[in-house]
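Asker: What follows is a structure written as structure tokens; I'll ask about it next.
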Amino acid sequence: MKDKAITLPDIDLGTSPDKYKYGFRQPERSVFKAKKGLNREVVMQISDHKNEPDWMRRFRLKALEIFYQKPMPNWGPDLSALNFDDIYYYIKPVEKQGRSWEEVPEEIKDTFDKLGIPEAERKFLAGVGAQYDSEVVYHNIREELKKKGVIFVDPETAVQEYPDLVREYFGTIVPPADNKFAALNSAVWSGGSFIYVPPGVQVDIPLQAYFRINARNMGQFERTLIIADEGSFVHYVEGCTAPIYTTDSLHSAVVEIIAKKGARVRYTTIQNWSGNVYNLVTKRAVAHEEATVEWVDGNIGSKITMKYPAVYLLGRKAHGEILSVAFAGKGQIQDTGGKVVHVADDTSSLITSKSISKDGGQASYRGLLKVYPHLKNIKSHVVCDALIMDEASRTDTYPYIEIESDDVSIEHEARVSKISEEQVFYLMSRGLSESEAAMMIVNGFIEPLVKQLPMEYAVELNRLIELEMEGSVG
Amino acid sequence: MSKKPEFVIEDLHAGIEGRPILRGVNLRVNVGEVHALMGPNGSGKSTLANIILGHPAYEVTRGRILFKGQDILELGADERAHLGLFLAFQYPVEIPGVTVAKFLKRALESRIAGGGNGEKLSVPKFIKELKESMKLMGLDEQFVNRYLNEGFSGGEKKRMEIVQMLMLKPEFAILDETDSGLDIDALKIVAQGVNRMRGPNFGALIITHYQRILNYIQPDKVHIMYEGRIVASGGPELSEELEKYGYENIREKFGIETQVSA
């Protein structure tokens, strides 16, 4: 049977202005707003507002120099429309962070209520950090975890209260010189999370951070550092949304994870930025002996996302997993993937990438698999699946593989598929409408991600997709 | 004929990409009857099955298909399913990431909703029936958690088609070479599924190459298709005759004048 073009219902994946559910905004009422643009003065203002020790101020200023020197990436999506002078680098929404939601100003609390954060916290989270523009406005962790020695605070608090831990690890996994956006974040970072899990402690329910941009032309530069001590476990979840503006916003985070011997860290992202946000993020983890790091990375929103979560397998028997799912709708570029670097014997990795492109969206898988010389028993499996919904959309795969050892077992699979007429006919012959059939096929395609999510997030992700798809029929 | 004709095909001409395949099919299956449709490869049997359910790749150029007195040719495949039609596919497609249970629940919900009598799906009843149907078809219960048809053997796929039929309870089912590729035990199991459905409110068209399955599902009538038309119809003895003479001798045996293909 010939592949006849089938007419699919107009399925919106959630990011076009008329469908995006989180595009509302509050009036801006910041207590301090740095002047637009980036310079030493802005960096020093940020540092002053945070009352930082000198070492952190110097770290920032040095990073700013690196940012000026570093060229823009000469690969990947076109970032030439991104104007660094047209961005606010620091907007402080409140004087003081709340420990209870009552302490958070009404309009900001209202925002997080609409996003369901306080409710989620009550129901199924061990701790929550909520960031609004540049600062974390609310932070709380369950008392029993605190008693076990788990630290979950914003990084500013960590700089003040746990300077030794911060100085030991901050900027070591992603140094400012790593890339232009890592340098930018290092210079102007504000907000984010700092997590320390003591040896042997299992944080059984997730910790969550929620990042909300409210102001126009905002740049959000949160910084997250997670240290999982020996034999511990933590699952950290982040979500992000922003209002719809006609001008661009920038989100450029840095995330560093250290999983010590036998520790396991899972980091889940559901990124649902509005369609005017550049999302340029550097995420990297190191896994020591017998440690496991898992990145579950769902990219639904944003204008352009460039994000390739990385795991460096530094110790014997370390294991890394990256599960990346991207939706590229109208006007969107999702340039995502993962990097795994094998530096020790008996290490293994699994990268699974799933992308859907629709209405002219572009989804690219960009990945690196690197194996250092003279290593034994290395296993890696890379699977890239792309689903293209129409002729106007595209998908590309850029797998970079650098293998310098012999005792290596590598499997790489890449598939590009369309929703086939046969699948749609089969489901319709069982009574499903054409749009239900398409939805079921799309949901099945992303199932490997969804089933990795805690149930509440799985429900949310499914609901997000299904709502958007249903709303577009007829 | 005393019974009201339930499923009627009248002078059906159809093809794909301008190439004619069906050249005037006439068929009538009364309520509660099971008919067999036999014929050599390329005679148009599977095309007919797909057209009955409304496969979008085929184009009907002339004729009608009536089900419950309604011309269904303008209906979508989903609407035909809601009306009570079912096709057990010759090559069931894989739907990755969608479990059998999830798929069947959704299909049943839309079948019930499409039926329009305001019923709601009872989940406990659904689970019970699903388990029973799986057991009857000799499929392990664990199959409900597997992705639909993914990694299933040929035989497992065919059995799953019958499980779907048992669950969806169609009023008229077309089985497109469900028997091909099955060993004798699997064949008996599949036949059992069809026989369980038999009754005054269920009709079926069994498409097959071989007489074998008809030893286990007694057809009320047998039709022979050749070059896009039904060239002979008769009782069960027709399939035995066909088995004896083979398709090669079909032309002389039934005195068929073949059309010159374009």
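The values are calculated or read from the model by the stated rules, or taken from the named source; none is laboratory data. Because the structure is predicted, anything quoted here is derived from the model rather than measured. Cβ placement follows ideal geometry from the backbone for every residue including glycine, while neighbour counts extend to all protein chains displayed. Note: accessible area is taken over every heavy atom of the protein model, side chains too, but ligands, DNA and RNA are not part of it. Shrake-Rupley method; radii C 1.70, N 1.55, O 1.52, S 1.80 Å.
Asker: Say whether the condition of being more than 30 Å from B:N30 (Cβ to Cβ), more than 10 Å from chain A (Cβ to nearest Cβ) and crowded, with 21+ Cβ neighbours inside 10 Å is met by at least one residue in region B:104-126.
Answerer: Within region B:104-126, none of the residues are more than 30 Å from B:N30 (Cβ to Cβ), more than 10 Å from chain A (Cβ to nearest Cβ) and crowded, with 21+ Cβ neighbours inside 10 Å.
Asker: Given the conditions (1) crowded, with 19+ Cβ neighbours inside 10 Å; (2) more than 8 Å from chain A (Cβ to nearest Cβ); (3) touching a strand residue (DSSP E or B) at 6+ places or on another chain (Cβ under 9 Å); (4) at positive phi, report the number of the one that B:G63 does not fulfil.
Answerer: Result: B:G63 fails condition (1) only.
Asker: Separate question: Conditions: (1) touching a residue at least 60 places away in the same chain (Cβ under 8 Å); (2) open to solvent by 60 Å² or more (accessible area, probe 1.4 Å); (3) within 14 Å of chain A (Cβ to nearest Cβ); (4) not hydroxyl-bearing (S, T, Y). B:Q218 meets all but one. Number of the miss?
Answerer: Only one criterion is unmet by B:Q218, namely (3).
Asker: Residues that are at pLDDT below 95, within 30 Å of A:V442 (Cβ to Cβ) and in the same structural domain as A:S249 (by TED's automatic domain parsing): does region A:66-75 have at least one?
Answerer: Scanning region A:66-75, I find at least one residue that is at pLDDT below 95, within 30 Å of A:V442 (Cβ to Cβ) and in the same structural domain as A:S249 (by TED's automatic domain parsing), so the answer is yes.
Asker: Residues that are modelled with pLDDT under 85: list the helices (runs of 4 or more DSSP H) wholly contained in region A:387-474 that include at least 3 such residues.
Answerer: Qualifying helices (runs of 4 or more DSSP H): A:434-450, A:455-471.
Asker: Go through (1) open to solvent by 30 Å² or more (accessible area, probe 1.4 Å); (2) touching a Gly at 6+ places or on another chain (Cβ under 8 Å); (3) within 8 Å of chain B (Cβ to nearest Cβ) and name the single condition A:G431 misses.
Answerer: The single condition A:G431 does not satisfy is (1).
Asker: While we're here: Specify the residue that is nearest to the other protein chains (Cβ to nearest Cβ); the eligible residues are those in region B:89-103 that are open to solvent by 50 Å² or more (accessible area, probe 1.4 Å) and either closer than 28 Å to B:I207 by Cβ or of a type in the set (G, A, S) (or both).
Answerer: The selected residue is B:P96.
Asker: Does B:A36 satisfy the criteria of being touching a Ser or Thr at 6+ places or on another chain (Cβ under 8 Å), open to solvent by less than 30 Å² (accessible area, probe 1.4 Å), of a type outside the set (S, T, N, Q) and within 14 Å of chain A (Cβ to nearest Cβ)? Explain how you work it out, then say what you get.
Answerer: Values: touching a Ser or Thr at 6+ places or on another chain (Cβ under 8 Å): yes; open to solvent by less than 30 Å² (accessible area, probe 1.4 Å): yes; of a type outside the set (S, T, N, Q): yes; within 14 Å of chain A (Cβ to nearest Cβ): no.
No.
For every residue, the table says whether it meets (1) of a type in the set (G, A, S); (2) under 21 Å from A:A228 (Cα atoms); (3) open to solvent by 10 Å² or more (accessible area, probe 1.4 Å); (4) in contact with an Asp or Glu (Cβ under 6 Å, 6 or more places away or on another chain).
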{"residue": "A:K283", "(1), (2), (3), (4)": "no, yes, no, no"}
{"residue": "A:V293", "(1), (2), (3), (4)": "no, yes, no, no"}
{"residue": "A:V296", "(1), (2), (3), (4)": "no, yes, no, no"}
{"residue": "A:S302", "(1), (2), (3), (4)": "yes, no, no, no"}
{"residue": "A:V311", "(1), (2), (3), (4)": "no, yes, no, no"}
{"residue": "A:K317", "(1), (2), (3), (4)": "no, yes, yes, yes"}
{"residue": "A:L323", "(1), (2), (3), (4)": "no, yes, yes, no"}
{"residue": "A:A326", "(1), (2), (3), (4)": "yes, no, no, no"}
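Asker: A further question on this structure: Condition first: in contact with a Gly (Cβ under 6 Å, 6 or more places away or on another chain), away from chain B (no Cβ under 14 Å) and either buried (at least 23 other Cβ atoms within 10 Å of the Cβ) or farther than 18 Å from A:A285 by Cβ (or both). Can you find one or more residues in region A:380-387 that meet it? So that I can check it myself, show each step before the final result.
Answerer: Let us first name the residues in region A:380-387 that are in contact with a Gly (Cβ under 6 Å, 6 or more places away or on another chain), namely none.
Scanning region A:380-387 turns up no residue that is in contact with a Gly (Cβ under 6 Å, 6 or more places away or on another chain), away from chain B (no Cβ under 14 Å) and either buried (at least 23 other Cβ atoms within 10 Å of the Cβ) or farther than 18 Å from A:A285 by Cβ (or both).
Asker: So which residues in region B:144-190 are basic (K, R) and open to solvent by 50 Å² or more (accessible area, probe 1.4 Å)?
Answerer: Once the filter is applied, which keeps residues that are basic (K, R) and open to solvent by 50 Å² or more (accessible area, probe 1.4 Å), region B:144-190 yields B:R146, B:K169, B:K188.
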